[in-house]
Amino acid sequence: MCIRDSVTVEDPKRKDILSFDRLLVCVGRRPLTDGLNLDGIGVQTDARTGLVKIDAAYRTSVENIYAIGDLVPGPMLAHKASAEGIAAVESMAGQNAEVNYDAIPAIIYTSPEVASVGLTEEEVKQRGIPYCTGSYPFSGAGRARCMGETDGFVKLLSHQRTDRILGVHIIGARAADMIAEGVLAVEFGASAEDLARTIHGHPTFSEALMEAAMGARQCSIYAS
């Protein structure tokens, strides 16, 4: 006898009950603030999420208390928390500091790896930004072919008029390492042409990123 599980799925517009043979649930995480007596010392939190409220300098509602990382809004990533820690200390020292949340890489350590930075194509469309895309498969990269790691591709989004890189998305081997170049490009406001004209070693996995940038410029030497 097959036992099926059901789950109720709700959004602001509708409510559905779905049935499954197997269900993998990933519901996210909440900050672990229980027992910290935040209310008692006057640190304000979001009633719905439990996240600590902070200003642009990472200062809480109590002037001499700062918060970073998983306690505050944003992706719960170690490298995001590290960047916030540096910015918070700089703010404490009276310096101007900020974290560019558009340039925080997201990495999934699966096989193949998945890595991303910047805007997705869906987000670009939602914002009404005119854009170009360029993609290149690992099957076209000599190093990937030699190592038998041809599954995956690189996709790059750039602004249609300014050519500024809006997002870089990679699925495949070495994605976790390759995304660093995409993060640098987004942080520096580089254009697809900048990346396309940057000479990459051959044969390397990173050539796929260069080719994707060329594709966004519609001038890939391997384009059919």
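Tabulated data
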{"item": "Cβ-placed point charges (K, R +1; D, E -1), dipole of region 89-224 about Cα centre in debye, nearest 20", "result": "400"}
{"item": "Accessible area of Arg127 in the full protein assembly, 1.4 Å probe (Å², nearest 10)", "result": "150"}
{"item": "For Tyr131, residues with placed amide H under 5 Å, excluding near neighbours", "result": "Gln160"}
{"item": "Partner lysines for Lys125 [C-alpha distance under 24 Å; skip if fewer than 8 residues away on the same chain]", "result": "Lys13, Lys155"}
{"item": "Interchain or long-range residues, amide H under 5 Å from Tyr66's placed H", "result": "Thr60"}
{"item": "Overall form of region 42-86 per C-alpha gyration tensor (a/c, 1.5; a/b vs b/c)", "result": "oblate"}
{"item": "Of Gly35, Gly152, Gly201, the one that fluctuates the most in a GNM where the chain has Cα springs shorter than 10 Å", "result": "Gly35"}
{"item": "Region 50-73 and region 95-147: distance between their alpha carbon centers, rounded to Å", "result": "29"}
{"item": "Rg/Rg_ref, region 143-224, where Rg_ref = 2.2 N^0.38 Å and atoms are Cα", "result": "1.03"}
{"item": "Per residue Cα convex hull volume in Å³ - calculated over region 39-124", "result": "121"}
{"item": "Net charge dipole size for region 51-156 [Lys, Arg +1 and Asp, Glu -1 on Cβ; Debye, nearest 20]", "result": "240"}
{"item": "J(HN,Hα) series, region 127-141, from Karplus relation 6.51 cos²θ - 1.76 cosθ + 1.60, nearest Hz, glycine and proline x", "result": "7, x, 8, x, 9, 10, 10, x, 9, 8, x, 5, 5, x, 9"}
{"item": "GNM top mover of Ile104, Ile171, Ile86 - the chain, alpha-carbon springs below 10 Å", "result": "Ile86"}
{"item": "Highest-MSF residue in the chain out of Val62, Val27, Val124 [GNM, Cα springs under 10 Å]", "result": "Val27"}
{"item": "Principal axis dimensions, largest first and in whole angstrom, of region 68-192 by Cα", "result": "51, 34, 22"}
{"item": "20 Å Cα-Cα reach of Lys15 towards aspartates and glutamates, excluding residues that sit fewer than 8 places from it in its own chain", "result": "Asp5"}
{"item": "Estimated Rh, the chain: Kirkwood, alpha-carbon pairs, angstrom", "result": "20.4"}
{"item": "Probe 1.4 Å, all protein chains present, accessible-area order of Tyr131, Tyr109, largest first", "result": "Tyr109, Tyr131"}
{"item": "For the chain, calculated [θ]222 nm from helices alone, where every DSSP H run of n ≥ 4 adds -39500 (n - 2.57)", "result": "-7000 deg cm²/dmol"}
{"item": "Rounded, prolate or oblate (a/c below 1.5 giving rounded, otherwise prolate when a/b exceeds b/c) for region 3-57 by Cα gyration tensor", "result": "prolate"}
{"item": "Local net charge near Phe205, Cβ-Cβ under 9 Å (Lys/Arg +1, Asp/Glu -1)", "result": "-1"}
{"item": "Selection from Ile65, Ile86, Ala103 lying farthest towards where the dipole of region 50-194 points positive, charges on Cβ", "result": "Ala103"}
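The values are calculated or read from the model by the stated rules, or taken from the named source; none is laboratory data. Remember, predicted model here, so these are calculated numbers, not experimental data. Cβ atoms come from the backbone with ideal geometry, glycine included; neighbour counts cover every protein chain shown. For the accessible areas, the whole protein counts, side chains as well, though only heavy atoms, and no ligand, DNA or RNA atoms are used. Shrake-Rupley method; radii C 1.70, N 1.55, O 1.52, S 1.80 Å.
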